[in-house]
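Here is the structure we will look at.
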Amino acid sequence: MLESSVFYLSWMLIIGGVVLFWRQQRVCALYGRYAPGQGHCWPAGLAWFLQEVPALLTPLLLLLWTEEGSGSGTGTLVLLCTFVLHYSYRSLIYAFLTRGRPVPLRIIVFSAAFCGLNGFLQGHHLLHCTHFHHTWMTAVRLAAGWFLFLVGLSINIHSDHILRNLRKPGELIYRIPRGGMFEFVSGANFLGEILEWCGYAVAAGSFPAWAWAFFTVCSIGPRACHHHRYQYQFEDYPPSRKAIIPFLL
């Protein structure tokens, strides 16, 4: 029963990713600069905290409720910490530093529910459905996945810092980001997050992890392309920059 829920939730991520990718060929996801102005909106910091924190708390609660010695091996904890590390940054650091636009309440509710479900999927699968052999800790796959995740996290954090300092507190204007991976792509923060979850999937080597990486690519990859087209309203925008993949796309 529990393993079947992992299977179905993973396929829901894949199908949802395909739907989002198709939909964003016509219109960008409605948040940030693309969010509609009408409706009840909450401050960006509070909104990001509320919508991201379920993905942090759900795996930790599952770990707390898991019996000692059951699903709590070193390999499981390493991957669980990898997942939690990203959402610790998103919900506890990024949320309180962001200067973004207010977020509509319906988007907060939808995002919080989604993050909670994905947190359950990844945490439950790691804690209750997988077993890692002791040799897994020395496998090349783990080293490669962790390296890719940490590179992506570093790019993500640095890109957020650049974007946050593009404007003064209270300003809502947009400027050309410069420095770091923004010298190569318009969506450097999106590239960082994609690398994070691809690295996580490489290290875990599981269907739910790869489903989540696929969903991430489908959901924020097109958004990076929308950003890229938006930036061309600036006359001095660097023509050599790509949207999401340096030198290619």
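Note on Gln25 and Val109: the extension gain reaches 27.8 nm, defined as 0.36 nm multiplied by sequence separation minus the Cα-Cα distance. Rounded to the nearest 20 debye, the dipole magnitude of the chain is 940 debye, with +1 charges on Lys and Arg beta carbons, -1 on Asp and Glu beta carbons, and the Cα centre as origin. The angle between the Cα long axis of helix 188-204 and the longest principal axis of the Cα atoms of the chain comes to about 10 degrees, rounded to the nearest 10.
Of the residues Ile14, His226, Trp65, the one whose Cα sits farthest toward the positive end of the charge dipole of segment 1-232, with +1 on the Cβ of Lys and Arg and -1 on the Cβ of Asp and Glu, is His226. Residue order by solvent-accessible surface for Trp65, Trp210, Trp146 is Trp65, Trp210, Trp146, largest first, with ligands and nucleic acids left out and a 1.4 Å probe. What the Cα convex hull of segment 1-232 gives, in volume per residue, is 123 Å³. On the chain, 70 percent of the accessible area sits on carbon and sulfur atoms, based on a 1.4 Å probe. The angle between the Cα long axis of helix 207-231 and the main principal axis of the chain comes to about 0°, on a 0 to 90 degree scale.
The values are calculated or read from the model by the stated rules, or taken from the named source; none is laboratory data. Note that the coordinates shown come from a computational prediction; the quantities given were computed from them, not determined experimentally. Glycine gets a Cβ as well: all are built from the backbone with ideal geometry, and neighbour counts include every protein chain shown. Accessible surface is based on the protein model in full, side chains and every heavy atom, while ligands, DNA and RNA are left aside. Shrake-Rupley method; radii C 1.70, N 1.55, O 1.52, S 1.80 Å.
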